[in-house]
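A.B. asks: Sharing a structure with you now.
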Amino acid sequence: MRSIPSHHRLILAVLAGACLALASPAIGQEAEDGLEIGDAPAIMPVDPSDAGEIERGARPSSSTGDANRLDRGERDSAPPVTKGDKPMVGGEPDALQGINIYLRMGTPLPDVPPEKPYEGEPDTAYGAFQRGLFLTAVDRALPRAQLGDPAAQTLLAEIMSRGLGVKRDLKGAAFWYGQAAQGGDPAAMFKYALLLMEGKEVPQDREKADDYMRRAADAGNASAQFNWAQILVAGTPGVRGLTAAMPYYEKAAEQGIADAQYALAQVYSALKDVPAEKKARAREWMTRAARAGFDTAQLDMGLWLVNGYNGPRDYEAGYRWLSIAAARGNVVAQNRLAHLYINALGTAPDPIEAAKWYVLSRRAGLKDPGLEDFYLGLTEEQQKQAIDRANRFRRT
């Protein structure tokens, strides 16, 4: 199973339990990594006396000159080659690198659509950050942060928390996240809510953590929307909690959070009163989560297709998704894939490959009496080949 970042998924096991209690599942599956929320943390502002002082990290040996500037050398002096242009060497066009389909067709590139005019002040600190000029970003963000600019405070906190061009300082980063959260910055409210839940750099406070998470979600932060949905499900188990959480899952899913896409597919599938047009999209959301690399979604998508759950059966597509999840180390997928090889569902029968996947899932602790009987019925040579394949298996 893939590791699950805490800022994306806090309590997916709670959601799975709620969904399984409300709907007849296509399969039974044990949760491998249920994370509990526990007591949420609180907003007690940190007060580092040196919050305005940032210790700069070691500069690359190639850098010279002003220590307040990040010297990027000559590699940034030449303008980049634009799409469709021929690279220039010594002022003359060089041979085309790669293939430009418009040029090969003899058709010019379409005009770039006009940009909306921006009338505000450019954020030079964030611009420097985007270009990798972290020290310049610090120099330009710090004065604004000290004057109470939430965006500058958030940028400063991000740089300090990751140690980009400066010494990593989690306490200082927590201070600035807290300041920016109080100023209403959605990203800072989300990050500070996580700090309050964790309770390492700031004291824990569940009430304030939940408040910041909700406010960040309502302000449009995708990760906060997913986590606030999880909090609602945990706080109010059953239909009421899932119904209250659904709009937040939908918003996070639309913004590309794979965990939310997976959760939304399960919620649409589990709730009886979901409109038909939404229920019809359950497979779509599961597919999007699977394509994003979420191995649990790949497992469930494979099983839905094989079992004809929430749509027609498709053994071959189900086999492909289960193969991907199994190759990534999902133990349940390895077990189910063995059954597909035995029963020739979506693939040709292959007893040795079936035994290989059984051996791998059994080593991981997943018992299956039916597969064990199948394995014991193989010849000694077949068992040896299966074990050899299992020993050579490496996760992709």
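A.B. asks: What number of residues within the stretch 245-263 satisfy the criterion of being crowded, with 24+ Cβ neighbours inside 10 Å, farther than 15 Å from A187 by Cβ and under 15 Å from the mean Cα position of the chain (by Cα)?
C.D. replies: Matching residues across the stretch 245-263 total 7.
A.B. asks: Still on this structure, I have one more. Here's a check for you: in the stretch 122-147, which residue that is out of contact with any helix residue (DSSP H, G or I) (no Cβ under 8 Å at 6 or more places or on another chain), hydrophobic (A, V, I, L, M, F, W, C) and surrounded by fewer than 22 Cβ atoms within 10 Å (Cβ to Cβ) is nearest to R168 (Cα to Cα)?
C.D. replies: L133
A.B. asks: Return only the number of the condition from (1) surrounded by fewer than 24 Cβ atoms within 10 Å (Cβ to Cβ); (2) over 30 Å from A326 (Cα atoms) that Y212 does not satisfy.
C.D. replies: It is condition (1) that Y212 fails.
A.B. asks: Check off (1) hydrophobic (A, V, I, L, M, F, W, C); (2) touching a residue at least 12 places away in the same chain (Cβ under 8 Å); (3) under 22 Å from Q385 (Cα atoms) for A348 and give me the number that stays unchecked.
C.D. replies: That leaves (2) as the condition not met.
A.B. asks: Of all residues in the stretch 207-244, count the ones that are over 16 Å from K191 (Cβ atoms), aliphatic (A, V, I, L, M) and within 17 Å of the chain's Cα centre (by Cα).
C.D. replies: Final tally of qualifying residues: 1.
A.B. asks: Restricting to the stretch 233-244, and then to whatever is of a type in the set (A, V, I, L, M, F, W, C) and touching a residue at least 60 places away in the same chain (Cβ under 8 Å), can you tell me which residue is surrounded by the fewest Cβ atoms within 10 Å (Cβ to Cβ)?
C.D. replies: Ranking the candidates gives V239 first.
A.B. asks: Would you mind listing the helices (runs of 4 or more DSSP H) fully within the stretch 281-396 where at least 3 residues are at pLDDT below 95?
C.D. replies: In the stretch 281-396, there are no helices (runs of 4 or more DSSP H) which contain 3 or more residues that are at pLDDT below 95.
A.B. asks: In addition: Is it the case that the stretch 363-381 has a residue that's among the polar types (S, T, N, Q), out of contact with any Leu (no Cβ under 6 Å at 6 or more places or on another chain) and either touching a residue at least 12 places away in the same chain (Cβ under 8 Å) or buried (at least 17 other Cβ atoms within 10 Å of the Cβ) (or both)?
C.D. replies: Within the stretch 363-381, none of the residues are among the polar types (S, T, N, Q), out of contact with any Leu (no Cβ under 6 Å at 6 or more places or on another chain) and either touching a residue at least 12 places away in the same chain (Cβ under 8 Å) or buried (at least 17 other Cβ atoms within 10 Å of the Cβ) (or both).
A.B. asks: Can you spot a residue in the stretch 299-306 that is crowded, with 21+ Cβ neighbours inside 10 Å and of a type in the set (D, E)?
C.D. replies: yes
A.B. asks: Go through the residues of the stretch 276-289 one by one and say whether even a single one is free of Cβ contacts under 8 Å to residues at least 40 places away in the same chain and over 28 Å from the mean Cα position of the chain (by Cα).
C.D. replies: Yes, the stretch 276-289 contains at least one residue that is free of Cβ contacts under 8 Å to residues at least 40 places away in the same chain and over 28 Å from the mean Cα position of the chain (by Cα).
A.B. asks: Based on this model, can you work out whether Q266 counts as of a type outside the set (F, W, Y), within 29 Å of S223 (Cβ to Cβ) and in a helix (DSSP H, G or I)?
C.D. replies: In short, yes.
A.B. asks: Residue under question is E201, and the condition is that it be part of a loop (DSSP other than H, G, I, E, B), more than 22 Å from D123 (Cβ to Cβ), in contact (Cβ under 8 Å) with a residue 60 or more places away in the chain and among the acidic types (D, E); does it hold?
C.D. replies: So E201 passes the test.
The values are calculated or read from the model by the stated rules, or taken from the named source; none is laboratory data. Quick caveat, the model's predicted, so the values are computed rather than measured. As a convention, Cβ positions derive from the backbone with ideal geometry for all residues, glycine included, and neighbour counts pool all protein chains shown.
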